[in-house]
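*Asks:* For reference, the structure I am asking about is given below.
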Amino acid sequence: MANVSQGAAGEVLAARFLREKGYTILAGNYSCRFGEIDIIAQKEPFLVFVEVKTRSEDALYTPAQAVTENKQRRIIKTALLFLQQNPLPLQPRFDVIEIITRKGKPMEVVTLDHIQGAFDLSDRQFSF
């Protein structure tokens, strides 16, 4: 197998996981001037904006710890623009999928954790 970056491998694994759980993938690597969303999926009644974080088993911190408040703010702004351009009658939700892989083997999963509703719009102010 060709060399695969850890991030790209994680996104492939996360998309596969979501499909197996009954989600429909609407977009991957959706980007705009505000940022990027790794996966946009739907599973009634939700439209799910997913941030995928992948780390090796020898990492010093968990993948979810990399989803900082600034990162969350960029994801939310990007999602709001997506919703403006693609109005859907679904409830938005922000998830994080954290994946830990074997050292040096980005496609070999040690753990995969799907954190539903990892963050939301509460107490946030936005300007565009």
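*Asks:* For the Cα atoms of the chain, what angle does the longest principal axis make with the long axis of helix 69-85, in degrees from 0 to 90, nearest 10?
*Replies:* Computed tilt is about 60 degrees.
*Asks:* When the helix-only estimate is applied to the chain (DSSP H runs of n ≥ 4, each -39,500 (n - 2.57), divided by the residue count), what is the mean residue ellipticity at 222 nm, nearest 500 deg cm²/dmol?
*Replies:* After summing the helix terms and dividing by residue count, I get -8500 deg cm²/dmol.
*Asks:* I need the Kirkwood Rh of the chain: take the reciprocal of the average 1/r across all distinct C-alpha pairs and report it in angstrom. The partial results should precede the final answer.
*Replies:* Details: mean 1/r = 0.0664 Å⁻¹.
One decimal place: 15.1 Å for the Kirkwood radius.
*Asks:* Of the peptides 85-92, 21-28, how do they stack up when ordered by the mean number of other Cβ atoms within 10 Å, highest first?
*Replies:* Ranking, from highest mean packing down: 21-28, 85-92.
*Asks:* Using the heavy atoms of the protein chains and a 1.4 angstrom probe, tell me the accessible area per residue for the stretch 56-118 in square angstrom.
*Replies:* Result: 57 Å² of accessible area for each residue.
*Asks:* If you don't mind, another one. Any idea what the relative contact order of the chain is, in percent, if you count C-alpha pairs under 8 Å spaced at least 6 apart?
*Replies:* Numbers: 215 pairs, mean separation 30.9, N = 128.
That works out to 24 percent.
*Asks:* Cα centroid distance between the stretch 66-86 and the stretch 1-58, in Å?
*Replies:* Comparing the Cα centres of the stretch 66-86 and the stretch 1-58, I get a distance of 14 Å.
*Asks:* For S56 and L121, what is the calculated FRET efficiency with R₀ set at 25 Å and r taken between the beta-carbons, to the nearest 0.05?
*Replies:* Working: r = 32 Å, r/R0 = 1.29.
Rounded to the nearest 0.05, the efficiency is 0.20.
*Asks:* Taking the 0 to 90 degree range and rounding to the nearest ten, how far is the long axis of helix 6-20 tilted relative to the main principal axis of the chain, both from C-alpha atoms?
*Replies:* 70
The values are calculated or read from the model by the stated rules, or taken from the named source; none is laboratory data. Please read all numbers here as calculations on a predicted model, not as lab measurements. Note that we place each Cβ from the backbone using ideal geometry, even for glycine, and neighbour counts take in every protein chain shown. Accessible surface areas use protein heavy atoms only, side chains included; no ligands, DNA or RNA. Shrake-Rupley method; radii C 1.70, N 1.55, O 1.52, S 1.80 Å.
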